[in-house]
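J.: Let me begin by handing over the structure; questions about it come next.
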């Protein structure tokens, strides 16, 4: 088990290094260097040269990468040119919005999808199955940012129950902040819930035909107990995998939804950085999100090892 | 034929997709009004009050914009998926023929590419080469490569273990020839199904990119930018936010249903 985790951890570190090198190389390969992007086309050659030197762009790629990587390992992601502050601090500040948003969204999607998927499997081809099928077909197809707009129309414009956007900050009280995140989280959760419902349904269907569930039933357990105590826990593995795989889409959704609701999260930071051509921030945010996806997948892999004892025994 | 008729998912998906494609093609020759024609006197008119689906803040005909949007969205997505599927399949079958260290390296590379959502790579590309259709296509296509590489590798690996492939190896056929005569024809169904499903995802991503201003530049109407423009008029003109979103949802749902239906039809073994 320890060797297995160590091996995965080594893989994780290599992947993280490679992804950072790749993004660094792509940024270098693209036409126009960060200095000219920041200064625009009207800058004089002297100003450009000065900024290039200031940013260390006159150094060879490998040296720049090494210097940057050294900085990252010490928590230094460089300086934002528009905000004039360290990027690490900017991202950390914005995470106070993005992490709770993603967390509430994942929680919501699980709360919706698992009961719905389980009931759909239990009443296969019944009404519940049709409802769940319809729900997942529709929710997978709707863009999260559109759901956000619809929620704003309904709950802010028509009913006036919820704020249409913005974030008061956690300092203004938990409820106010939570309320500001609720609609965006619902918008973000819906497409995820559709995918999870589908996976839960087919996983439970598969497990329900296994011998151990039949044994549970035959020793006199009620259908519900057999389902929830024996079938569902064993069906969770593909559900957890799907949660991990969906993480990329969750992040993409968050970038859009944060922009719809004007939330000062990391996604909105990336968008503002793009508008202001703040390439250092752009690069760091992309790297940060990519690293997050990779670490998430690593954690899912670990969860796999914990949930499924068969994987612990054999070396994969 | 009877097996086709017994699958409502496939039929509904097919009808929606055909409708979408027809609307997109028709928009190249005809739209009720020019989608860029501004009539300020008729601005923000509700559906049926002026034109079939009303007008936007500049008095442009929403129905015409949606029609042209269908073409823009579909053609961008189709190009992106075509590039991604071709490259991804090439990588997948190549790796399946090579196995060993190549497989480890390529699959690791796929993990890395898959870790960057297309929205973010489009933003990164947009910062340097400017946003536009080209950026959107590249960003979506790059994300599709690992999807198809993984799929074809898995499928091709299975075919490589079949007896007829072993026989072909025994007869001295080289790996390239086997890939073209045995592997590709046997995994083509799975690729077709995946193309259909990924097209839906590409439409969603393209809409997201356009929404952020990273898609086709104005005045070309796209569903995503129509939604972005509608944000300012959620109160007075909610239909501006409803209709393009509905178009995206219906298009994606149609393609997903078609993909699911095709999978059932083409691969009867996998019907869970």
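The values are calculated or read from the model by the stated rules, or taken from the named source; none is laboratory data. Not measured: the values here are computed from a predicted model. Here Cβ is always computed from backbone atoms with ideal geometry, including for glycine, and neighbour counts include all displayed protein chains.
J.: Taking residue B:219 as meeting all but one of (1) within 20 Å of residue B:140 (Cα to Cα); (2) not in a helix (DSSP H, G or I), write down the number of the exception.
T.: So the condition that residue B:219 fails would be (1).
J.: Here's another thing I want to ask about it. Go through (1) in the same structural domain as residue A:251 (by TED's automatic domain parsing); (2) at pLDDT below 85 one by one and return the number of the condition residue A:101 breaks.
T.: For residue A:101, the failing item is (2).
J.: Among the numbered criteria (1) modelled with pLDDT of 85 or more; (2) in a helix (DSSP H, G or I), which one does residue A:234 miss?
T.: The failed condition is (1).
J.: Still on this structure, I have one more. Whether any residue in the stretch B:216-239 is out of contact with any strand residue (DSSP E or B) (no Cβ under 6 Å at 6 or more places or on another chain), within 11 Å of chain A (Cβ to nearest Cβ) and at positive phi is what I want to check.
T.: Within the stretch B:216-239, not a single residue is out of contact with any strand residue (DSSP E or B) (no Cβ under 6 Å at 6 or more places or on another chain), within 11 Å of chain A (Cβ to nearest Cβ) and at positive phi.
J.: Residue A:66 is checked against (1) surrounded by fewer than 16 Cβ atoms within 10 Å (Cβ to Cβ); (2) in contact with a helix residue (DSSP H, G or I) (Cβ under 8 Å, 6 or more places away or on another chain); (3) assigned to a helix (DSSP H, G or I) and fails just one. What number does that condition carry?
T.: Result: residue A:66 passes all but (2).
J.: Any idea which of (1) surrounded by 20 or more Cβ atoms within 10 Å (Cβ to Cβ); (2) over 22 Å from residue B:240 (Cα atoms); (3) modelled with pLDDT of 90 or more is the one residue B:96 doesn't satisfy?
T.: So the condition that residue B:96 fails would be (3).
J.: Let me confirm something: among B:79, B:48, B:74, which residue is surrounded by fewer than 22 Cβ atoms within 10 Å (Cβ to Cβ), in contact with a helix residue (DSSP H, G or I) (Cβ under 8 Å, 6 or more places away or on another chain) and more than 14 Å from chain A (Cβ to nearest Cβ)?
T.: When all the criteria are applied, what remains is B:79.
J.: Filter the stretch B:100-113 down to residues that are touching a residue at least 40 places away in the same chain (Cβ under 8 Å) and more than 12 Å from chain A (Cβ to nearest Cβ) and give me whichever is nearest to the chain's Cα centre (by Cα).
T.: The extreme case among them is B:106.
J.: Then there is this: Assess whether residue A:227 counts as being assigned to a helix (DSSP H, G or I), within 11 Å of chain B (Cβ to nearest Cβ) and surrounded by fewer than 23 Cβ atoms within 10 Å (Cβ to Cβ).
T.: Criteria not met by residue A:227.
J.: Another question, if that's okay. Could you tell me whether residue B:255 is within 30 Å of residue B:66 (Cα to Cα), part of a helix (DSSP H, G or I) and away from chain A (no Cβ under 14 Å)?
T.: Criteria not met by residue B:255.
J.: Looking at the structure I just gave you, is residue B:168 within 26 Å of the chain's Cα centre (by Cα), crowded, with 17+ Cβ neighbours inside 10 Å, over 25 Å from residue B:131 (Cα atoms) and away from chain A (no Cβ under 14 Å)?
T.: Details: within 26 Å of the chain's Cα centre (by Cα): no; crowded, with 17+ Cβ neighbours inside 10 Å: yes; over 25 Å from residue B:131 (Cα atoms): yes; away from chain A (no Cβ under 14 Å): yes.
Considered against the rule, which asks whether it is within 26 Å of the chain's Cα centre (by Cα), crowded, with 17+ Cβ neighbours inside 10 Å, over 25 Å from residue B:131 (Cα atoms) and away from chain A (no Cβ under 14 Å), residue B:168 comes out as no.
J.: Test of understanding: among A:121, A:132, which residue is surrounded by 17 or more Cβ atoms within 10 Å (Cβ to Cβ), within 13 Å of chain B (Cβ to nearest Cβ) and within 30 Å of residue A:239 (Cα to Cα)?
T.: Within the list A:121, A:132, the selection yields A:121.
J.: Taking the stretch B:114-144 on its own, how many of its residues are at the interface with chain A (Cβ under 9 Å from one of its Cβ atoms) and part of a helix (DSSP H, G or I)?
T.: 13
J.: Of the conditions (1) more than 10 Å from chain A (Cβ to nearest Cβ); (2) surrounded by 22 or more Cβ atoms within 10 Å (Cβ to Cβ), residue B:150 fails just one. Which one is it?
T.: (2)
J.: Among the residues of the stretch B:33-52, write down those that are touching a strand residue (DSSP E or B) at 6+ places or on another chain (Cβ under 6 Å) and closer than 26 Å to residue B:75 by Cβ.
T.: B:33, B:51
J.: Next up: Kindly indicate the residue of the stretch A:205-224 that is within 11 Å of chain B (Cβ to nearest Cβ) and in a helix (DSSP H, G or I) and also surrounded by the fewest Cβ atoms within 10 Å (Cβ to Cβ) among those meeting that condition.
T.: A:206
J.: Sort through A:87, A:19 and tell me the only one that's in contact with a helix residue (DSSP H, G or I) (Cβ under 7 Å, 6 or more places away or on another chain), crowded, with 18+ Cβ neighbours inside 10 Å and within 14 Å of chain B (Cβ to nearest Cβ).
T.: Just one listed residue meets the conditions, A:19.
J.: Right, another one. Return yes when residue A:313 is at pLDDT below 80, closer than 30 Å to residue A:155 by Cα, out of contact with any helix residue (DSSP H, G or I) (no Cβ under 8 Å at 6 or more places or on another chain) and surrounded by fewer than 17 Cβ atoms within 10 Å (Cβ to Cβ) and no when it is not.
T.: Answer is no for this residue.
J.: Between a residue in the stretch B:129-149 that is under 18 Å from residue B:109 (Cβ atoms) and any residue that is outside any helix (DSSP H, G or I), which pairs come within a Cβ distance under 9 Å, given they are 6 or more apart or on different chains?
T.: Every condition considered, the pairs that remain are B:139/B:214; B:142/B:116; B:143/B:116; B:143/B:117.
J.: Let me confirm something: among A:164, A:187, which residue is modelled with pLDDT of 85 or more, within 28 Å of residue B:246 (Cβ to Cβ) and assigned by TED's automatic domain parsing to the domain that holds residue A:116?
T.: Exactly one residue qualifies, and that residue is A:187.
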